[in-house]
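Colleague: One structure coming up, written as structure tokens, with questions to follow.
The values are calculated or read from the model by the stated rules, or taken from the named source; none is laboratory data. Remember, predicted model here, so these are calculated numbers, not experimental data. Quick reminder, even Gly has a Cβ in these numbers, built from the backbone with ideal geometry, and neighbours come from all protein chains shown. Surface areas here come from the heavy atoms of the whole protein model, side chains and all, with no ligands, DNA or RNA. Shrake-Rupley method; radii C 1.70, N 1.55, O 1.52, S 1.80 Å.
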Amino acid sequence: MTMNPSNSPDVAGAPGNIEQFSYDDAIVRKFVWATLLWGLIGMVVGLLVALQLAWWPANMETSWLSFGRLRPLHTNAVIFAFAGNAFFAGMYYSTQRLLKARMFSDALSKFHFWGWQGIIVAAAITLPLGFTAGKEYAELEWPIDIAIALVWVGMAVNMFGTIAKRRERHLYVAIWFYIASIVTVALLHIFNSLALPVSFMKSYSVYAGVQDALVQWWYGHNAVAFFLTTPFLGLMYYFMPKAAEGPIYSYRLSIIHFWSLVFLYIWTGPHHLLFSSLPDWAQTTGMLLSLMLIAPSWGGMINGLLTLRGAWHKLRTDPVIKFMVVAITFYGMSTFEGPMLSIKSLNKLAHYSDWIISHVHGGALGWNGFLTFGMIYWLLPRLYGTKLHSLKLANAHFWLGLIGILVYMISMYISGLTQGLMWLDFDNDGYLVYPNFIETVAVVIPFYWLRFLGGVLYVAGLLVMFYNLKQTVSGVTPPEDTKAEAAPYERKPLMGKFHYKLEAKPMMFTVLTVVAVLVGTILEIVPMLAVESNVPTIASVKPYTPLELTGRDIYIREGCFNCHSQMVRPLRAETERYGTYSKSGEFVYDHPFLWGSKRTGPDLHRIGGKYPDMWHLRHMEDPRSMFAESIMPSYPWLLTDQMDLAKIGKKIKVMRQLGVPYSEQDVDNAESMAKAQAKQIADNLAASGVTGMEDKEITALIAYLQRLGTDIKK
Amino acid sequence: MGILILLVPVTLVLTATAVGAWYWACHNRQFDDLDSPAYKMLLDDQEKEDTI
């Protein structure tokens, strides 16, 4: 008894007959073009932010073009728009063929495609405008988060529905990788994005401080794991054997490394938080499991590479094989380097430095980028029933891209090592050799130019690809959906007759699944929030004042956390430079936490009281007025834009709901409290020669910065 | 560390789901033949021509 969903061209037949059907190729074509388009856009934004680091005028003194706002646009575009669409393209192509079934619902396929592109456009608009939740790779505000969840559930129903109506009993290993990706990303996204809205485009994370850090990096590393690794391993397991025209080296190995990979990866999040206020046992767990992860990761690498046994000669002539082999090699590199960087002694040197940037881009440009390019060179001609226009150009793309990656990585290795070593350097008398952070910035600028060059080469390669593919498809009408035939596979109902019938109704099933997920989420979250006790471990630590909260939100809006950390590690090199190390109790009211993960500029956790108010005004207006060699963007609009106090009462109210011990009076008097504190700062500034700042955003930001790290001194 | 009151149950649910999936796989004979899937997936294309 085979299924007949409304849009399917399947023909029902008695068991034992061969069924005729066709694969939806149109959806794959859509996803492939989306991959290429967003890849170009995301990487061009990457070029811009790279240029901004090497040459600060590229920030153009424009809020929506400044580094702090554009960096998240770059990361979101390349991860979710480029890698995301690539994942979907390959998944839709391979799943149908591996399961010998057309997608469960063409309507859901389209919903997935257009929904996802809509989300990307929403990101492209909101991120430069400063609408950000302030959490890395999870910056998109809550309405977009909900849209992501809905589209993702729709995709999940489509995939599981296709699995249910398959004609091939065995689930090839690629399908397992897709399933793991779909299920885990859903969980990660939902839990990390939990926030209480203040307004349509502003919310506060339900988690605070150390909790938020743990949830964020549980999410963040598993975004790498289940969005950038497992989906692409699934793609590798399909497209590599296809391109090599030979089976995967060891199917048994693929199963073993799949299960061990998905079990181990979840635990690795704390390796982003080594030497932070996260408890030691959590740090050690993250470190150990990250090291163990080498084994399953390399299982995948070995499997992929050895698939070429007997076919290594193809490397010489076939650009698809070139891209894939190099991609898998970079995967092996990254999954060795990552565990090494998770070791505390090495992490001490590398954390916050450009070494991490090098590591990320080896994986992103090498593994994700090159595997995507190899897959598309193989896929697109087939989707159009034609031949690739030029092998030579594809090979040229390969070399341009590879040299680009190497220039990028090597320049960032040198920069990162330089920074790390300089930051830790003591002389024989026990003093810091480089007490001024700016010295460690100025010296790496040449490497920022080299990195920009590396990116230019990589994008040049992508442009060559565009030209090649345009010539390939120009004038070619896409053929009709690929026809296929297979014997039906009698599927036993998983859960009884009612459920069996329900599984055939895609829209209904999607709606009910969404309801189930939402109910489950709410049932878990509400008790957690109600039970949550927020007793501060440090009595002198108090909530931010309304003005300081306003300033904190400006800090988040401008993306300051992209360059500045707020976590002084318990290392002598840090305590000498910044002050006493950061204690977990200091962050209990930080919704979201702002520990940061990179020091393009110095740590700010102990900045409170270090400089006069006027210093901060001049520094934000033009950082070069305080540090001639600064690469920080200028923020002149903070001195002219009025601070928005309209929502401050609501903000305090929401914080109170999240457990921050504000009083009712704090909610009611928030605006007047803010104005009173602003007047004090403005009077300070007026005494130093700058008047009219009572209602300007700079005053709120100064209030926040001057508060940072001062509570424990009280 | 109160967040663990959320994360540990979530992890257990996830683990239970994974174990359940493993159980289903074993009973659905997914691991009975680990040799032919690697070859079968190569045979699903209709075209014979090279596209490169």
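Colleague: Can you give me the angle between helix A:319-341 and the longest principal axis of chain A, using Cα atoms only, in degrees from 0 to 90, rounded to the nearest 10?
Modeller: 40 degrees
Colleague: Next question, about the same structure. Pick out, in residue order, every one of the chymotrypsin sites (Phe, Trp or Tyr not before Pro) in region A:381-475 that is DSSP loop and has at most 13 other C-beta atoms within 10 Å; say none if there are none.
Modeller: Numbers: sites: A:TYR384, A:PHE398, A:TRP399, A:TYR408, A:TYR413, A:TRP423, A:PHE426, A:TYR431, A:PHE437, A:PHE447, A:TYR448, A:TRP449, A:PHE452, A:TYR458, A:PHE466, A:TYR467; in loops: A:TYR384, A:TYR431.
Of the chymotrypsin sites (Phe, Trp or Tyr not before Pro), the ones in loops of region A:381-475 whose Cβ has at most 13 other Cβ atoms within 10 Å are A:TYR431.
Colleague: Rounded to the nearest 100 Å², what is the sum over both chains of accessible area buried where B meets A, with a probe of 1.4 Å?
Modeller: Working: alone 5360 and 27720 Å², together 29150 Å².
The B and A chains share an interface burying roughly 3900 Å².
Colleague: For a Förster distance of 56 Å, can you work out the FRET efficiency between the beta-carbons of A:ASP427 and A:SER672, rounded to the nearest 0.05? Working shown, then result.
Modeller: On the way: r = 52 Å, r/R0 = 0.93.
Given R0 = 56 Å and the Cβ-Cβ separation, E is 0.60.
Colleague: Can you give the mean number of other chain Cβ atoms that lie within 10 Å of the Cβ atoms in peptide B:25-37?
Modeller: Numbers: counts 5, 0, 0, 5, 2, 6, 3, 2, 3, 8, 3, 3, 12.
Counting other chains' Cβ atoms within 10 Å and averaging over B:25-37 gives 4.
Colleague: If you roll a 1.4 Å probe over the protein assembly as shown with all protein chains in place, what percent of the accessible area is carbon or sulfur?
Modeller: On the way: 19540 of 29150 Å².
The computed percentage sits at 67.
Colleague: Percent relative contact order of region A:643-714, based on C-alpha pairs within less than 8 angstrom and at least six residues apart? Write down the numbers at each step before the final one.
Modeller: Working: 46 pairs, mean separation 19.4, N = 72.
Worked out over region A:643-714, it gives 27 percent.
Colleague: What does the charge dipole of the protein assembly as shown about its Cα centre add up to, to the nearest 20 debye, if the Cβ of each Lys and Arg holds +1 and the Cβ of each Asp and Glu holds -1? Mind showing how you got there, number by number?
Modeller: On the way: 60 positive and 59 negative charges, 262 e Å.
The dipole of the protein assembly as shown has a size of about 1260 debye.
Colleague: Okay, moving on. Tell me the relative contact order for region A:37-111 as a rounded percent, counting alpha carbon contacts under 8 Å between residues six or more apart. Numbers along the way, then the final one.
Modeller: Numbers: 44 pairs, mean separation 25.0, N = 75.
Across region A:37-111, relative contact order equals 33 percent.
Colleague: Moving on to the next point. Given the pairs A:LYS242/A:LYS322; A:LYS344/A:LYS610; A:LYS135/A:LYS696, which span a C-alpha to C-alpha distance of over 21 angstrom in this model? It would help to have the intermediate numbers written out before the result.
Modeller: Working: A:LYS242/A:LYS322 14 Å; A:LYS344/A:LYS610 30 Å; A:LYS135/A:LYS696 26 Å.
With Cα atoms farther than 21 Å apart: A:LYS344/A:LYS610; A:LYS135/A:LYS696.
Colleague: Residue separation times 0.36 nm, minus the C-alpha to C-alpha distance between A:TRP64 and A:TRP33: what's the value?
Modeller: The A:TRP64-A:TRP33 span can extend by a further 8.4 nm.
Colleague: Students often get this wrong, so check it: of A:LYS348/A:LYS653; A:LYS165/A:LYS314; A:LYS30/A:LYS314; A:LYS675/A:LYS713; A:LYS650/A:LYS679, which have C-alpha atoms separated by over 31 Å?
Modeller: Working: A:LYS348/A:LYS653 40 Å; A:LYS165/A:LYS314 37 Å; A:LYS30/A:LYS314 29 Å; A:LYS675/A:LYS713 26 Å; A:LYS650/A:LYS679 22 Å.
Violating the 31 Å Cα-Cα cut-off are A:LYS348/A:LYS653; A:LYS165/A:LYS314.
Colleague: Continuing with the same structure: Label point 7 Å out from A:THR575 along Cα-to-Cβ: which residues of region A:430-450 have amide N under 16 Å?
Modeller: What the label zone holds, given the 16 Å backbone N cut-off, is A:430-432.
Colleague: Now for a different question. For the protein assembly as shown, what is the calculated [θ] at 222 nm in deg cm²/dmol (nearest 500), taking -39500 (n - 2.57) for each run of four or more DSSP H residues and dividing by its residue count?
Modeller: Details: 31 runs with 452 residues, N = 766.
Rounded to the nearest 500, it is -19000 deg cm²/dmol.
Colleague: Under a 1.4 Å probe, what is the accessible area of the protein assembly as shown per residue, stated in Å²? Please list the in-between numbers first.
Modeller: Details: 29150 Å² over 766 residues.
Heavy-atom accessible area per residue stands at 38 Å².
Colleague: Grab the beta carbon distance between A:ALA311 and A:ALA687, set R0 = 60 Å, and tell me the FRET efficiency rounded to 0.05.
Modeller: On the way: r = 77 Å, r/R0 = 1.28.
Efficiency, rounded to the nearest 0.05: 0.20.
Colleague: Accessible area drop of at least 10 Å² (1.4 Å probe, protein heavy atoms): which residues of region A:159-174 qualify, relative to the chain alone?
Modeller: Buried by the other chains: A:ARG166, A:GLU168, A:ARG169, A:HIS170, A:LEU171, A:TYR172.
Colleague: When only Cα pairs under 8 Å and 6 or more residues apart are kept, what is the percent relative contact order across chain A? Write down the numbers at each step before the final one.
Modeller: On the way: 1181 pairs, mean separation 122.6, N = 714.
Reported as a whole number, the value is 17 percent.
Colleague: Starting from the Cα gyration tensor of chain A, take the square roots of the eigenvalues, sort them a ≥ b ≥ c, and report rounded, prolate or oblate (rounded when a/c is under 1.5, otherwise prolate if a/b is larger than b/c, else oblate). Numbers along the way, then the final one.
Modeller: On the way: a/c = 1.98, a/b = 1.55, b/c = 1.28.
It comes out prolate by the Cα gyration axes.
Colleague: Output the 0 to 90 degree angle, nearest 10, between the alpha-carbon long axis of helix A:142-164 and the longest principal axis computed from the alpha carbons of chain A.
Modeller: The answer is roughly 20 degrees.
Colleague: Okay, moving on. Would you list, by chain and number, the lysines whose Cα falls below 16 Å from the Cα of A:LYS483, excluding same-chain residues fewer than 8 positions away?
Modeller: Filter leaves A:LYS100, B:LYS48.
Colleague: Would you list, by chain and number, the aspartates and glutamates whose Cα falls below 15 Å from the Cα of A:LYS542, excluding same-chain residues fewer than 8 positions away?
Modeller: A:GLU586, A:ASP590, A:ASP666, A:ASP711
Colleague: Go ahead and run the numbers for FRET between B:VAL8 and A:ILE18, Cβ-Cβ distance against an R0 of 51 Å, rounding to 0.05. Before the final figure, lay out each step's value.
Modeller: Details: r = 50 Å, r/R0 = 0.99.
With a Förster radius of 51 Å, E is 0.50.
Colleague: If you don't mind, another one. Could you give the angle, 0 to 90 degrees to the nearest 10, between helix A:391-424's Cα long axis and the longest principal axis of the Cα atoms of chain A?
Modeller: 30 degrees
Colleague: Can you tell me the length gained on complete extension of the stretch A:GLU629 to A:THR329, counting 0.36 nm per residue apart and subtracting the Cα distance?
Modeller: Numbers: separation 300, 0.36 × 300 = 108.00 nm, distance 3.86 nm.
Answer, rounded to one decimal: 104.1 nm.
Colleague: I want the local charge near A:GLY115. Using Cβ-Cβ distances under 14 Å, sum +1 for each Lys or Arg and -1 for each Asp or Glu among the other residues.
Modeller: Numbers: positive: A:LYS30, A:LYS110; negative: A:ASP145.
My count for the surroundings of A:GLY115 gives +1.
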